[in-house]
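Everything below concerns the one structure shown next.
The values are calculated or read from the model by the stated rules, or taken from the named source; none is laboratory data. Remember, it's a predicted structure, so these values are computed and weren't measured experimentally. Cβ placement follows ideal geometry from the backbone for every residue including glycine, while neighbour counts extend to all protein chains displayed.
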Amino acid sequence: MNSNVIFSNDVPSRLLQAINDLKPGRVFILADNNTAAIARQLGIPSASLITISDGDDHKNLDSLTHIWSELQAGGATRHSLLVCVGGGMVTDIGGFAADTFKRGIPFINVPTSLLGAVDAAVGGKTGFNFHNLKNEIGAFAPAHTVIISSCFLTSLPHTEFLSGFAEMIKHALLSGEPQLSELLNANLASFDPEHMLQLIRASVTVKQQIVSQDPTETGLRKALNLGHTVGHAFESFALSRGKPVPHGYAVAWGLVTELVLSHMRFGFPTTILHQVADFISHNYGPFLITCDDYDSLLQLMTHDKKSLYGEINCTLLSQCGQPHTDVTLSPDEVSAALDIYRDLLHI
Ligand code: GLY
């Protein structure tokens, strides 16, 4: 289940080396409208470019059919290789297309967004949205190689950068206080690419260590859902109000609420809770809710993919690095935590 994960800001040469190591027949590159230019600049000799429309609403069966059709029309065989260049949308659907074409061809991920680098491109989750449900169809299929760099991040919109940074905070909370305090003290307005690459490496290492122990999410990997039970509810609620928010922003606000719950249930330290809440309030602003929204949010949490028996299911922490998975929460507990979330975010 493990991928060869390379951290380097010399992407073209490391990619060429990874391709040469695999000795494929034909090489295909998958990109979306936004990343096709980056894909061309990588200069992979004699590769055929497959382009799909960007955005999560195109992570669908039509795009998947297009990728399979292009592979078939281009004469792809089991010895062909697919290089996925883009954010999580491209690596998710590209990985699934590769894993299912002729029962599986190898693929390499080159994530171009921070969210893709620290989360989507690593860990083997692939898939696409189906009948309005996110990631409804998918498979665990690790990339042969993932090449992670920070060189694409300088041109990333700040909201997208922050979206990925929230997943880094999550990984740091699952790791320990030193990693967390390094992130909370980082200068997000201007960063040195090499230092950022080191922060990304530390973050991805947390995920790799968890995934290597539980690749198919039967136990420990559920720790990576920290922030996501409440976060997904915020994200869906925002969508239902016609005001979508970036995934990582929803995770950031979800983390604050779930750290409150962690304190209530397991005595998670209030000093760290306040540090994280202040950082998120300052950088992400608040997600505005009132107590009239609680019923809708609780409904969404009850219908979360992680909930097996109609209860609210969460990962919480007793300390940084000490997760408790499959914690069942009552609606009253979550409502109390949402009250405190609103106080902490000054709503
Ligand atoms: N995004 C969390 C995981 O890969 O398990």
For residue 116, indicate whether it is within 12 Å of the chain's Cα centre (by Cα), at positive phi, buried (at least 17 other Cβ atoms within 10 Å of the Cβ) and of a type outside the set (Asp, Glu). no
Looking at segment 2-23, is at least one residue modelled with pLDDT under 95, of a type in the set (S, T, N, Q) and crowded, with 17+ Cβ neighbours inside 10 Å? yes
How about segment 138-172: which of its residues are within 16 Å of the ligand (Cβ to nearest atom), within 26 Å of residue 239 (Cα to Cα) and either without any contact (Cβ under 8 Å) to a residue 12 or more places away in the chain or among the β-branched types (Val, Ile, Thr) (or both)? 169
Search segment 230-258 for residues that are without any contact (Cβ under 8 Å) to a residue 24 or more places away in the chain and pair each with any residue that is in a helix (DSSP H, G or I) when their beta-carbon atoms are under 7 Å apart and the residues are at least 6 apart or on different chains. 235/247; 235/250; 244/238
Tell me yes or no: at least one residue of segment 215-225 is within 16 Å of the ligand (Cβ to nearest atom) and of a type in the set (Ser, Thr, Tyr). yes
Under 6 Å between Cβ atoms, which residue pairs at least 6 apart in sequence (or on different chains) link something in segment 314-327 that is closer than 14 Å to residue 256 by Cα with a partner that is polar (S, T, N, Q) and modelled with pLDDT of 95 or more? 314/229; 315/225; 315/325; 316/262; 317/262
Between a residue in segment 117-135 that is free of Cβ contacts under 8 Å to residues at least 40 places away in the same chain and any residue that is part of a loop (DSSP other than H, G, I, E, B) and of a type in the set (A, V, I, L, M, F, W, C), which pairs come within a Cβ distance under 6 Å, given they are 6 or more apart or on different chains? 126/141
Is at least one residue of segment 51-66 crowded, with 17+ Cβ neighbours inside 10 Å, in contact (Cβ under 8 Å) with a residue 60 or more places away in the chain, among the polar types (S, T, N, Q) and in contact with a His (Cβ under 7 Å, 6 or more places away or on another chain)? no
Looking at 194, 177, 235, which is the one that is within 16 Å of the ligand (Cβ to nearest atom) and either at pLDDT below 95 or more than 15 Å from residue 119 (Cα to Cα) (or both)? 235
Tell me, yes or no, whether segment 338-347 has at least one residue that is surrounded by fewer than 21 Cβ atoms within 10 Å (Cβ to Cβ) and farther than 17 Å from residue 277 by Cβ. no
Return yes when residue 56 is out of contact with any Phe, Trp or Tyr (no Cβ under 9 Å at 6 or more places or on another chain), within 16 Å of the ligand (Cβ to nearest atom) and modelled with pLDDT under 95 and no when it is not. yes
Against the condition among the hydroxyl-bearing types (Ser, Thr, Tyr) and either over 26 Å from residue 8 (Cβ atoms) or more than 13 Å from the ligand (Cβ to nearest atom) (or both), how does residue 203 come out, does it pass? no
Can you tell me which of (1) within 11 Å of the ligand (Cβ to nearest atom); (2) touching a strand residue (DSSP E or B) at 6+ places or on another chain (Cβ under 7 Å) is the one residue 118 doesn't meet? (2)
Residue satisfying all of: in segment 238-262; surrounded by fewer than 19 Cβ atoms within 10 Å (Cβ to Cβ) and either near the ligand (Cβ under 10 Å from one of its atoms) or not aliphatic (A, V, I, L, M) (or both); nearest to residue 175 (Cα to Cα) among these: 244
Just to be sure, is residue 127 assigned to a strand (DSSP E or B), in contact with a helix residue (DSSP H, G or I) (Cβ under 7 Å, 6 or more places away or on another chain), within 14 Å of the ligand (Cβ to nearest atom) and at positive phi? yes
